[in-house]
Amino acid sequence: MWCWLMKTPSTFINPIKQFQDFLKKKTEITPIEEPFILEWKYVQEMTELRRIWAPVGSTLFSDMLFIYNAIRKHNLKKGIEIGSWYGYGIYYMSHALKRNDGELISIDIKPLKARIRSICIKNCEIIKGDSKRVLPQFARTDVDFVFVDGDHSYDAVSKEIEILSKFQNLKIIFFHDMYPTSPAYKAWVDHCHLLNATEDELFIMDDSYYFFDENSPWKRYTGALKLKK
Ligand SMILES: C[S@@+](CC[C@H](N)C(=O)[O-])C[C@H]1O[C@@H](n2cnc3c(N)ncnc32)[C@H](O)[C@@H]1O
């Protein structure tokens with residue numbers, strides 16, 4: 001449906017109306033929380049980026065759309081990504097942050113591929129190291145959001161949540177691969193109290209909500225917590 005929407009000349013359809021109708025229909029199936037509702041202008045922005053360059057990533061376009069929209073909507077200026085891999089997240093998050101006059105820090109134990117892929121991106125610093133060692137250095141800074149997408153084991157995510165609980169200015173934490181049977185989700189359930197949150201407060205974005213067929217096997221489930229401050 002999305003491809004069709006993009007390819008059809010705008011003289012034949014009103015894309016904004018189409019999009020609003022589409023979201024309305026989806027919202028009836030899966031209610032979405034206000035802080036994360038997509039705005040058409042940000043969907044357009046990110047779609048333009050996709051036309052220019054679509055690098056490989058373990059996150060899906062819909063995961064990045066969800067995060068891109070939140071960065072722009074909440075005017076987030078400084079973010080940290082745990083797990084750079086090939087720089088797919090870097091590409092989209094850096095562009096969103098650039099439009100907010102912001103910057104990204106991406107941490108990876110093996111950042112070589114991301115460094116090569118992100119060579120033209122000026123507002124992202126890639127730091128080589130283990131998140132457990134690097135992340136605490138930013139606890140007292142003005143970091144607005146963190147995207148947790150490194151080692152998805154129970155122990156690693158538990159430790160990262162513990163470290164993030166000491167961050168002073170965080171507004172949103174995004175977690176990748178937050179489906180009910182994932183070790184990362186179990187780590188969340190067992191440690192969410194450290195973030196002054198309950199299990200249910202994590203908004204989980206099922207990728208099928210954004211542009212994917214309900215029966216698609218390609219689902220990665222990004223979770224997002226808006227911190228109470
Ligand atoms: C799922 S990939 C990240 C995908 C990326 N965020 C994207 O959008 O395409 C996971 C990455 O985390 C890195 N990683 C694994 N354990 C880590 C750790 N303890 N600290 C930092 N990075 C880690 C891996 O080297 C790998 O590149």
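Assorted remarks:
- Selection within the stretch 116-147: residues that are part of a loop (DSSP other than H, G, I, E, B) and within 13 Å of the ligand (Cβ to nearest atom). The member of this set that is nearest to Tyr68 (Cα to Cα) is Ser118.
- A count restricted to the stretch 106-115 and to residues that are part of a helix (DSSP H, G or I) and either closer than 25 Å to Asn75 by Cβ or more than 8 Å from the ligand (Cβ to nearest atom) (or both) stands at 2.
- Checking the stated criteria, Ile82 turns out to be closer than 13 Å to Asp149 by Cβ and either in contact (Cβ under 8 Å) with a residue 40 or more places away in the chain or charged (D, E, K, R) (or both).
- Among the conditions (1) over 19 Å from the mean Cα position of the chain (by Cα); (2) at pLDDT 95 or above; (3) of a type outside the set (Ser, Thr, Tyr), Lys113 misses just one, which is (2).
- Check on Phe174, within 15 Å of the ligand (Cβ to nearest atom) and either modelled with pLDDT of 95 or more or not small (Gly, Ala, Ser) (or both): yes
- Checking the stated criteria, Ala139 turns out not to satisfy the condition of being at pLDDT 90 or above, crowded, with 16+ Cβ neighbours inside 10 Å and out of contact with any Gly (no Cβ under 6 Å at 6 or more places or on another chain).
- Enumerated helices (runs of 4 or more DSSP H) restricted to the stretch 1-105, each holding at least 1 residues that are at pLDDT 90 or above and either within 16 Å of the ligand (Cβ to nearest atom) or acidic (Asp, Glu) (or both): 40-52, 61-73, 88-99
- Evaluation of Gly150 against (1) more than 10 Å from the ligand (Cβ to nearest atom); (2) buried (at least 21 other Cβ atoms within 10 Å of the Cβ) (one fails), failing number: (1)
- Counted residues, the stretch 166-193 - those being surrounded by fewer than 18 Cβ atoms within 10 Å (Cβ to Cβ), within 20 Å of Val134 (Cα to Cα) and touching a helix residue (DSSP H, G or I) at 6+ places or on another chain (Cβ under 8 Å): 1
- Near pairs, Cβ below 7 angstrom, 6+ apart or cross-chain, from the stretch 100-123 (farther than 22 Å from Pro136 by Cα) to any residue that is more than 16 Å from the ligand (Cβ to nearest atom): Asn100/Arg72; Asn100/Asn75; Asn100/Leu76; Asn100/Lys77; Asp101/Lys77
The values are calculated or read from the model by the stated rules, or taken from the named source; none is laboratory data. Nothing here was measured: the structure is a model prediction, and the numbers come from that model. Glycine gets a Cβ as well: all are built from the backbone with ideal geometry, and neighbour counts include every protein chain shown.
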